[in-house]
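First comes the structure, then the notes that go with it.
The values are calculated or read from the model by the stated rules, or taken from the named source; none is laboratory data. Worth saying up front: this structure is predicted, and the values here are computed from it rather than measured. Cβ atoms come from the backbone with ideal geometry, glycine included; neighbour counts cover every protein chain shown.
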Amino acid sequence: MSSSKAINFRDFIRDIPDYPKPGIVFKDITPLLADGDAFGACISALACHVPNDATLIVGVESRGFLFGAALAQLTGLGFVPVRKPGKLPADVHAVDYELEYGMDRLEIHCDALEHGQKVVVVDDLLATGGTAKATLQLINKFGAEVVACLFVIELSFLDGRKVLSDTPVHHLVSY
C-alpha cells in the first residue's frame, strides 16, 4: 500500500438496486478490486484473522477465489477452490444445499485436503450462510477442521453466522 491512511472499505462497495432480481440490493465489490490500495488493505485486514495454526485457504466460487488466492499468497498458505458442479476435472466430493428458491451443489477434489488440516474458508459475502455451511460440510468429509470463516461483507440481518455453529466468523464490513 502506498498510503498510510486508513481505508474505509464501505467507500469501495456500491449498491446495485434490484439485482439480480427486484427487491435485492446487490453489494458490488468491483470498485474494491479495481483499487490497488483498497484491495491490498482488504487482503491485509483479512490476513489478521488467519489463525497461526492454519495450513490451507479454501476459497468459494467465484468471488471467494479472488480474496482467497491473494490471501493464500500473502500468508504463504496453499489455496483450494470449492466449485460449482462440473467445473473440476478430477474426482470430487459434493454437497447439495438449499437456496432461497431451489437447490445448488458445491464440489471439491477428492484429494484436495488431508485429515487434520486446519482450514480457513474465504468468501466475499455471508448472507444466509447456506453456501458457507455447505463448504464446511465438504471440508468435514476429509476430517479437516475449519478454524475460521472470513468474509469481506456480512449481511448481519440475515443471521448467516448462526448456521456456522461454533466456527469463528470474521467480516470487514457489516450491513
- Task: State which residue is farthest from PHE151 (Cα to Cα) when the search covers only segment 19-50 and only residues that are in a loop (DSSP other than H, G, I, E, B) and at pLDDT below 95.
- Result: PRO22
- Is it the case that segment 84-100 has a residue that's on the phi < 0 side of the Ramachandran plot and in contact (Cβ under 8 Å) with a residue 60 or more places away in the chain? no
- Task: Just name the residue that is farthest from ALA38 (Cα to Cα) out of those in segment 62-93 that are in contact with a Ser or Thr (Cβ under 9 Å, 6 or more places away or on another chain) and surrounded by fewer than 17 Cβ atoms within 10 Å (Cβ to Cβ).
- Result: LYS84
- Just one listed residue, out of ASP166, ASP123, is at pLDDT below 95 and either out of contact with any helix residue (DSSP H, G or I) (no Cβ under 7 Å at 6 or more places or on another chain) or closer than 25 Å to CYS42 by Cβ (or both), and it is ASP166
- Task: Taking CYS110 as the residue in question, decide whether it is more than 25 Å from PHE26 (Cα to Cα) and either modelled with pLDDT of 95 or more or acidic (Asp, Glu) (or both).
- Result: yes
- Selection from segment 130-152 of residues closer than 21 Å to VAL25 by Cβ, buried (at least 21 other Cβ atoms within 10 Å of the Cβ) and not polar (S, T, N, Q) yields ALA132, PHE151, VAL152
- Taking only segment 39-52 into account, find how many residues are within 16 Å of ARG63 (Cα to Cα) and hydrophobic (A, V, I, L, M, F, W, C). 4
- So, in segment 51-65, of the ones that are in a strand (DSSP E or B) and not small (Gly, Ala, Ser), which residue ends up farthest from GLN117 (Cα to Cα)? VAL60
